[in-house]
Every structure is written in C-alpha cells, then in structure tokens.
Amino acid sequence: MTDDQGERGVNQLAVFLAVAANSAERATPSLRVDLFWHAPVLHTRHYAELCDALGGGFIHHVPDRGSGRNPAEGRSAMRRTAEIIQSAGFDVDPEFWPIDGAADCTQSYAGCSDSPVAK
C-alpha cells in the first residue's frame, strides 16, 4: 500500500465513522474501509476517545457471521452508506467504496456494521 492509499483509507474510515456516529441509519463499510476500522478498534481507549469526539457515542463494530448472507444485499447496504456519506457532504473515494456493481465481496456481505441500537 502506498502512503497515499493509507492516507485516503484513514480518511474514508473517518468519514464512515462520522456518518455512523451521527446517522440514525445503519452504516455498513466496504471491505476496504472495514480493514482500516480493525486497527483503531483494537486500541479501545483511543478508539473510544475518537468516537466521543465524533459526537455520537461509542461506535460498535458488529460482525454478523450468521446464516442468510446475501452478497447483493451487502453491496446494496454498502451503496446506501456511500450515498449517506455523500449526502453528508463528504467525498466517497471509489477505490475504497467500489459501488459500481462489480464490487469485490464487501464486509457488509458478512453483516459487519455499526450498531445504531447502542447509540
């Protein structure tokens, strides 16, 4: 990964978390954004401080490994999240949000999302 890709990945994670913290809708990351989410969530004290700074309380990382996974529904949820991000005035980086229909399997396929119930 290049430095530019790393910076853009952190940026896309930040806008995802900002939307997840401040939206009543369930936010679902792309696989690439979810991979960036895994690093800070392991450092719970700093991650909790980041969530507090975003103003929406702790943003839980909730993977759903249950049955009934549907890749089309996962891609649709990811596209809805990208639309929410755009509606909030943030840029959606197509390398991190492959919403063109030919997307790789997204983490939303596994049901990974924020937890609006916990807010």
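The table for this structure:
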item	result
Residue within segment 46-55 that is in contact with a Lys or Arg (Cβ under 9 Å, 6 or more places away or on another chain), closer than 25 Å to G6 by Cβ and either surrounded by fewer than 16 Cβ atoms within 10 Å (Cβ to Cβ) or at pLDDT 90 or above (or both) present	no
Some residue of segment 29-39 being without any contact (Cβ under 8 Å) to a residue 60 or more places away in the chain and over 22 Å from R75 (Cβ atoms)	yes
Residue in segment 2-15 that is of a type in the set (S, T, Y) and touching a Pro at 6+ places or on another chain (Cβ under 7 Å) present	no
Hits in segment 38-65 (condition: out of contact with any Leu (no Cβ under 9 Å at 6 or more places or on another chain), assigned to a helix (DSSP H, G or I) and not small (G, A, S))	H38, V41, T44, R45, H46, Y47, E49, D52
Residue within segment 76-93 that is among the aliphatic types (A, V, I, L, M), in contact with a strand residue (DSSP E or B) (Cβ under 9 Å, 6 or more places away or on another chain) and either modelled with pLDDT of 95 or more or at negative phi (or both) present	yes
In segment 25-40, residue modelled with the lowest pLDDT [restricted to those that are crowded, with 17+ Cβ neighbours inside 10 Å and over 14 Å from N11 (Cβ atoms)]	R26
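The values are calculated or read from the model by the stated rules, or taken from the named source; none is laboratory data. Here the structure is a predicted model, which is why all the values come from computation and not from measurement. Note that we place each Cβ from the backbone using ideal geometry, even for glycine, and neighbour counts take in every protein chain shown.
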